[in-house]
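A short write-up of the structure that comes next.
The values are calculated or read from the model by the stated rules, or taken from the named source; none is laboratory data. Being a predicted model, the structure only gives us computed values, none of them experimental. Using ideal geometry, Cβ is built from the backbone for each residue, glycine included, and neighbour counts are taken over all protein chains shown.
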Amino acid sequence: MWFVNACLWAVLRRWYGGGFDEKYSWLGNRGLQSFVMISALFFTLLDSLIWWQALLLALWIQFQFWSRAVGEILDCGRSTVQNAESYDRWFRIPLDWVYDKLGKQKYVGAYDWWYTELRYSLPMLVPCWCLGEGRFLIIGLLAAPVYFFCWYVFETFPFLFRLPKWADEPKNLAELLYGFLFGALLW
């Protein structure tokens, strides 16, 4: 059953990333996407929580974990023209401070790795604390390795750019893979 849940979340994550709304524009409706994802999370969490706790946690994960924009970080450090506005979340501030102290150039290269780690891991501290389970932190920490791995695979095997539209970019493949891992670890 974990495999079915993992496949479901692979599809849901890719759908939320814009994977299936070209042919049917109504599939791009964020309200519909959020409702489906919250419902799927709610019914999964209902196994270990009472209904209101499951609902609150499902809302938190949807709006703090999935719905937070990632934007230009998905190039995994390949752009040299990004600036602070490209990284529009609060955790850029401590990350910039560390980079300043280390004398490293911000917004290029490995900066995207650390930004991705913070962006996906910090929201998962709440489910870790609420449920007392480290698997949610593991889910957050897997983000950067998955996105960076997919870029490496596409650069190593350029023929992958000829995959179907919903999987023809490193970001698209990463969304499928990350959604799968989310669903597998959530189960």
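Just a few scattered comments:
- Tally, over the range 17-35, of residues that are modelled with pLDDT of 90 or more and surrounded by 17 or more Cβ atoms within 10 Å (Cβ to Cβ): 1
- Residue tally, condition surrounded by 20 or more Cβ atoms within 10 Å (Cβ to Cβ) and either farther than 11 Å from Ala184 by Cβ or over 12 Å from the mean Cα position of the chain (by Cα) (or both), over the range 1-15: 4
- Residues of the range 106-135 satisfying the condition of being over 22 Å from Ser79 (Cβ atoms) and in contact (Cβ under 8 Å) with a residue 24 or more places away in the chain: Leu122, Pro123, Met124, Val126, Pro127, Cys130, Leu131, Arg135
- On the stretch given as the range 72-94, residues that are surrounded by 14 or more Cβ atoms within 10 Å (Cβ to Cβ) and within 19 Å of the chain's Cα centre (by Cα) total 12.
- Failed item in (1) touching a residue at least 60 places away in the same chain (Cβ under 8 Å); (2) of a type in the set (Phe, Trp, Tyr); (3) farther than 30 Å from Lys106 by Cβ, with Phe65 passing the rest: (3)
- Qualifying position, being under 22 Å from Trp2 (Cα atoms), assigned to a helix (DSSP H, G or I) and hydrophobic (A, V, I, L, M, F, W, C), among Leu32, Leu95, Leu57: Leu57
- Trp26, sole failed condition from (1) within 19 Å of Phe182 (Cβ to Cβ); (2) out of contact with any Phe, Trp or Tyr (no Cβ under 9 Å at 6 or more places or on another chain); (3) part of a helix (DSSP H, G or I); (4) not aliphatic (A, V, I, L, M): (1)
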